[in-house]
Amino acid sequence: MALPFLDAMCPAFASQAVKKSVAPTRMAFLYVPNGIVMEEWTPAGLVAGSNPLGELKRITSALAPYRNDIVMFGGLTSDGGRAHGDGPGDHGRAGAAYLTGVHPKKTYGKDIKTGVSMDQIAARYFEGKTRLASLELGCEEGIQGGNCDNGYSCAYSNSISWRTENTPNPPEISPGAVFERMFGAADDEKDPARRQRQAEYRKSILDLVLADAHSLTGTLGGDDRRKLDEYLSAIRDVEKRIQGTERRNLANVSAPAASIPTVFAEHARQMLDLLTLAFQTDTTRVSTVVFGIEQSPRNYPEIGLTEGHHGLTHHQGDKAKIEKVTQINEYHIKQFTYLLDKLKATRDGDGTLLDNSMIVYGASLADGNTHQHHNLPTVLAGRAAGAIRPGRYIQYPNETPITNLYLSMLDRMGVPSAQTEKLGDSNGRLDGLSN
């Protein structure tokens, strides 16, 4: 089991500058489908350039406690999501182009093609430096074959991470499978009795590892003891919640699907807890989280909405439907703030995980009713270990490629600029992110 970074891991004679340099910068993308009600997203009274982050609108009001930890952007565009002569298919193109900046080939056969996504450029750079090069998580199942959007493959709609221009990285939607990948040894055993025995065996091994970790506490200082105790408690908490979900679901579905919660918030938060643990232990420094696939038909009865998300976004000005989409947008962003709570409460080096991270929350469509690919709703949380100055709204010129932001983020991840001269439709880096 990987441990979080502890002060005891730094030599006593190390300088403060050395200690600060130990904590790595992490990067994650939280993706929401079907666009946003932009009237309830964008702060009012903005001009070109950097603006103090003023009063937040209804959807982003949940971010108010983090106004000094975030940067909001205007003017960013995903041109690869537009038709460019290919006709309908905005949702398929939106997902495929979001992190690649490339207009995908219109096909639903095996000849899919877009570009390498920026998360995978970072993952290649960190390969061998962390146990997992990247972690792809999701909260809604999507198929990878077939025609999902007017001649565009389902692979385009369901994956934002692309290992190669022809190979998507489908997100894992089972919290149990992710937990096994991080803390266990996954298997394909089909016999329920043998699977149960193996699960019990792995649990006993985990208990031994936890006991061994607790034995460290006698050699650690007070801060390290608290950090280790919080970490081990977090692992146990996530494990118990996954097991509780499995107990509720096993009568109806088989493992690993049994670990998938039916309520969106519970599902998202288990995934975000696992993401926090992965960052805390430097298991990976790169992750994507897909809250929902493009054209998601999901409904949210837990907040009183029984109509499908995608259908509601094509509201044609119907105020009742717009209100329901706004409620879904609010529900999604509350899961983002849950992650920010976790990251800010987790100490990391001389700061917190949030201080040493870049967490992007956003969509590849602005208005879902008209399929707008410009002025995308985008928030960046964290300071990238001091390389980003938050607390602002930055309005860039219209049609600024969102890939310019990604190149700027790769710079702050330490990826050599020689490897990132261009990404998709990029035409430079973003000015004004740091001091």
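Structure notes:
- Candidate aspartates and glutamates for bridging to Lys129, where Cα separation is under 16 Å - those fewer than 8 sequence places away on the same chain excluded: Asp119, Asp282
- The fewest-to-most ranking of Cys148, Cys139 by surrounding Cβ atoms within 10 Å reads Cys148, Cys139.
- Sequence-ordered 3J(HN,Hα) estimates for region 408-425 from the Karplus curve with 6.51, -1.76 and 1.60 and θ = phi - 60° stand at 5, 6, 4, 4, 6, 7, x, 5, x, 4, 4, 8, 9, 5, 8, 9, x, 9 Hz, glycine and proline given as x.
- Cα centroid of region 138-160 to Cα centroid of region 378-410, whole Å: 28
- Other residues within the sphere of radius under 10 Å centred on the Cβ of Pro401, judged by their own Cβ, net out at -3 (K and R +1, D and E -1).
- Amide proton proximity set for Tyr393, modelled H, under 5 Å, gap of 5+: Asn51, Leu53, Met72
- When each of His103, His214 is scored by the number of other beta-carbon atoms lying within 10 Å, the sequence from fewest to most is His214, His103.
- Residue-wise HN-Hα couplings along region 265-282, as the Karplus relation 6.51 cos²θ - 1.76 cosθ + 1.60 with θ = phi - 60° gives them from phi, are 4, 5, 4, 4, 6, 5, 5, 6, 5, 5, 4, 4, 5, 5, 6, 4, 9, 6 Hz; Gly and Pro carry x.
- Here the Kirkwood formula puts the hydrodynamic radius of the chain at 22.4 Å, using every distinct Cα pair.
- Residue among Met27, Met271, Met38 with the largest mean-square fluctuation in a Gaussian network model of the chain, springs linking Cα atoms under 10 Å: Met38
- The Cα-based radius of gyration of region 316-435, divided by its Kirkwood radius, gives an Rg/Rh of 1.02.
- Per-residue HN-Hα couplings for region 48-57 [Karplus 6.51, -1.76, 1.60; θ = phi - 60°; Hz; x = Gly/Pro]: 4, x, 8, 10, x, 6, x, 5, 8, 6
- Which of Leu208, Val47, Gln372, positive extreme of dipole for the chain (C-beta unit charges): Leu208
- Considering only Gly222, Thr281, Asn404, the residue lying farthest towards the positive end of the dipole of the chain is Gly222, judged by Cα position with unit charges set on Cβ.
- Built amide H within the under 5 Å cut-off of Val286, gap 5+: Met27, Leu135
- Relative to its Kirkwood radius, the Cα radius of gyration of region 23-64 gives an Rg/Rh of 1.06.
- Unsatisfied cross-links (Cα-Cα over 32 Å) in the set Lys106/Lys422; Lys57/Lys344; Lys57/Lys240; Lys110/Lys334: Lys57/Lys240; Lys110/Lys334
- A straight Cα-to-Cα reach below 19 Å connects Lys321 with the aspartates and glutamates Glu39, Glu40, Glu294, Glu302, Glu307, Glu330, Asp367, residues fewer than 8 places away in its own chain not being considered.
- Built amide H within the under 5 Å cut-off of Gln295, gap 5+: Asn34
Quick note: the coordinates plus some simple rules give every number you see, no bench work behind them. No experiment lies behind these values; they were computed from the predicted model shown. Note that we place each Cβ from the backbone using ideal geometry, even for glycine, and neighbour counts take in every protein chain shown.
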